[in-house]
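The values are calculated or read from the model by the stated rules, or taken from the named source; none is laboratory data. Since the structure is predicted, the reported quantities are computational estimates derived from the model, not experimental observations. We place every Cβ from the backbone using ideal geometry, glycine too, and count neighbours over all the protein chains shown. Protein only, heavy atoms only, side chains kept; ligands, DNA and RNA dropped before computing areas. Shrake-Rupley method; radii C 1.70, N 1.55, O 1.52, S 1.80 Å.
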Amino acid sequence: MVPPGAESRARPDRIRRAAYPHTTSKLSHTLEAMSSRRTVSLVTLGCARNEVDSEELAGRLSEGGWELVDGDADVTVVNTCGFIDAAKQDSIQTILDAAENGGRVVAAGCMAERYGSELAEALPEAQVIGFDDYATITDRLDDVVAGRTLVPHDPRDRRTLLPISPVDRDAADVHVPGHASFADAEGAEGTELPYRAAVPRRRLSGGPVANLKIASGCDRRCTFCAIPAFRGAYISRHPDEIVREAEWLASEGVREVFLVSENSTSFGKDLGDLRALEKLLPRLAAVEGLDRVRVSYLQPAEVRPGLVDVLTSTPGVVPYFDLSFQHASGTLLRRMRRFGDRERFLELLRTVRERAPEAGARSNFIVGFPGETEEEFEDLVAFLSEARLDAIGVFGYSDEDGTEAVGHQGKVPAEVIEERVERLNRLSEELMAQRAEERIGSQVTVLVESVLEDGAYEGRADHQAPEVDGSTILYGEGLAVGDLVRATVIQAAGADLVAEQDEAPDGETGDR
C-alpha cells in the first residue's frame with residue numbers, strides 16, 4: 001500500500017510552546033515549578049496519519065505535565081515512518097541527529113512498532129516504544145528522564161490481536177493510535193465534557209486545515225505491503241466521536257478537515273454498516289464552521305455508486321478522489337492481490353466526471369513489481385495517458401520484510417526499475433501539467449493558507465489536497481488565512497495554478 005503523503009519529504013512538526021502553569025502566591029513556588037518542569041520535543045516523519053498520532057501523544061504529554069518545546073528538550077520523541085526504505089533511512093538519520101549531543105531520544109511510530117527490540121539493538125542511541133506504550137507515554141518518558149531503561153517490545157503481527165471477523169472486534173484492550181475514546185477520560189459521561197477533556201489531542205501546528213483520523217489498520221492482503229502487520233486489523237472510530245472531534249477542530253479555527261486512514265472505503269464494516277462513510281460525510285459537512293470535508297485513500301474496488309454520489313453532490317464535501325490504483329495491468333494487479341484493470345479504472349473516472357466534471361483525482365503507482373513485463377508496463381503508461389489525473393506519485397518496487405512479494409519469482413533488475421520510474425515520472429509531470437492547463441478559465445474555490453506579498457496568497461482549490469498535490473497562487477485584496485475565495489484560473493505552472501479573485505455580485509469579495 002502506498003499511502004498519500006508518503007512521497008512528501010519527512011519534516012519536523014512546528015511545535016507551539018505550552019503555557020507553564022504557575023501560581024503567583026509565592027516566588028518560591030514558581031521557582032520550584034520551573035526547576036521541576038519536564039520538556040519534550042516531538043518530531044514527526046511520514047504521512048498524515050502519523051501526524052494525528054503525534055497530536056495524540058502531544059495531548060497526553062501536555063495533560064501529564066510535560067511542556068512541549070521546539071528544539072532542545074529533556075527528551076526528543078521521534079515519531080518514525082517505517083513504510084519504505086527511504087522513509088526508514090530518514091527516520092534513522094533523524095534519531096541520530098537528535099542524539100548527536102547526548103540528548104535523550106525515544107523512537108516511536110511505525111518503524112519503532114515494526115522492529116521493536118531489533119531497532120533498539122541496532123540504535124542504542126535511542127529507547128524504543130511501541131503503540132501499546134502510547135496510553136502511558138508520560139510514565140515512559142518519566143522513566144527515561146529518571147535514567148531507567150525501557151524494555152522494547154518484540155515485533156509481532158498486530159493483526160493477530162483482534163478477531164478475524166470485523167464486527168467482533170473491540171479495541172478496548174488494544175491501543176490503536178488516534179483512537180482514544182470518550183470513555184478513556186476519567187469521569188467522562190455522555191457528552192458533557194469538552195472534547196479535549198475526553199480525547200487527548202493537541203494540535204501541533206495552526207492553520208485552517210487539520211487531519212482527522214477515521215480508522216486505523218487494514219484487512220487487505222496486498223502482497224507488497226507490510227503496513228497491516230504493524231498497524232493491525234481494521235478498526236473504525238465511532239461516527240459520533242469523529243463528528244465531535246470535527247466540532248472541536250472547527251472551534252479551533254479549522255475550516256477544512258482531511259479524513260485519513262489506511263483505507264477509508266472500508267470505514268464502518270466493523271461497525272456493521274458498509275454505508276457508514278456515506279452517512280458520515282454529510283454530518284461532517286454540517287458542522288458549524290467547517291467549509292470543506294475531504295477524504296483520502298479510497299480503494300477503487302470498494303468505491304460504491306452511493307459513495308460517488310455523496311462525494312460529488314454533497315455541499316461542503318469536495319469532489320476529490322484519492323484512488324489507490326497502484327497499477328493498471330489486470331494480470332499484474334492480481335499478483336499484487338488487488339482488483340481492477342485499466343478499463344475498470346477508466347470507467348470509474350468517467351463516472352465521477354459525469355457527475356462532477358471539475359472533480360480532482362490522484363493516485364500512486366508501483367513500477368517494477370516482480371514479473372512486470374514490458375507489456376504490463378505499457379498498459380500502465382497507456383492508462384495514465386487516458387486517465388487525466390491531477391496528481392501522480394511513482395514508486396520503484398523494493399522488497400519489504402515480511403511481505404509475500406519478497407518470495408515472488410521474476411524480480412525486475414534494478415536498472416530496469418530505475419529506467420521505468422524515470423520514464424513514468426517524466427510522463428507524469430507532462431500529464432499533470434496538461435491537466436492543470438485544462439483548468440485555465442474555470443472557476444475554483446481556494447482556501448487561503450498563507451499570505452505572500454504584493455496582493456498574492458497561496459492556498460488550495462477543491463481538487464488539491466494538503467501536502468501531496470499542487471497548490472494555487474491567488475491574486476486578490478484584503479484576504480486572510482482561512483478565507484474561502486471564488487477565483488478564476490488564469491495560468492498553470494506544472495501541477496500548480498494561478499488564479500484571480502472573483503468579485504461577488506454585491507461588490508464584495510470572497511466567501512466568508
Positive end of the charge dipole of the chain (Lys, Arg +1 and Asp, Glu -1 on Cβ, about the Cα centre): tell me which of Ala122, Pro177, Tyr297 has its Cα farthest that way. Pro177
Determine the share of the stretch 247-404's accessible area contributed by carbon and sulfur atoms, expressed in whole percent, with a 1.4 angstrom probe. 49 percent
Mind giving me the FRET efficiency for Asn425 and Arg37? R0 is 41 Å, r the Cβ-Cβ distance, nearest 0.05 is fine. 0.25
Which is farthest toward the positive dipole end of the chain among Ser385, Phe321, His238, measuring Cα position about the Cα centre, with Cβ charges +1 (Lys, Arg) and -1 (Asp, Glu)? His238
Using the heavy atoms of the protein chains and a 1.4 angstrom probe, tell me the accessible area per residue for the chain in square angstrom. 43 Å²
Amide H contacts under 5 Å for Gly393, placed H, 5+ residues apart: Ser363, Asn364, Phe365
Might you list the cysteines of the chain that have no disulfide-compatible partner by the rule of another cysteine's Cβ under 4.7 Å? Cys47, Cys81, Cys110, Cys218
Amide hydrogen neighbours beyond the local backbone of Asp462, cut-off 5 Å, H modeled: Thr445
Only helices counted: for the chain, with every DSSP H run of 4 or more residues adding -39500 (n - 2.57) and the sum spread over all residues, [θ] at 222 nm is -9500 deg cm²/dmol
Apply the Karplus curve 6.51 cos²θ - 1.76 cosθ + 1.60, θ = phi - 60°, to the phi angles in the stretch 42-52 and return the couplings in whole Hz, x for Gly and Pro. 10, 10, 10, 10, x, 8, 5, 5, 5, 5, 5
Heads up, the stretch 84-143 by the C-alpha gyration tensor (a ≥ b ≥ c square roots of eigenvalues; a/c under 1.5 rounded, else a/b over b/c prolate, else oblate) looks oblate
Taking the Cα centre as origin and putting +1 on Lys and Arg beta-carbons and -1 on Asp and Glu beta-carbons, what dipole magnitude results for the stretch 312-388, to the nearest 20 debye? 400 debye
Kindly rank 114-122, 146-154, 226-234 from highest to lowest mean number of other beta carbons found within 10 Å of each residue. 226-234, 114-122, 146-154
Of all DSSP beta bridges in the chain, antiparallel share, percent nearest 5: 35 percent
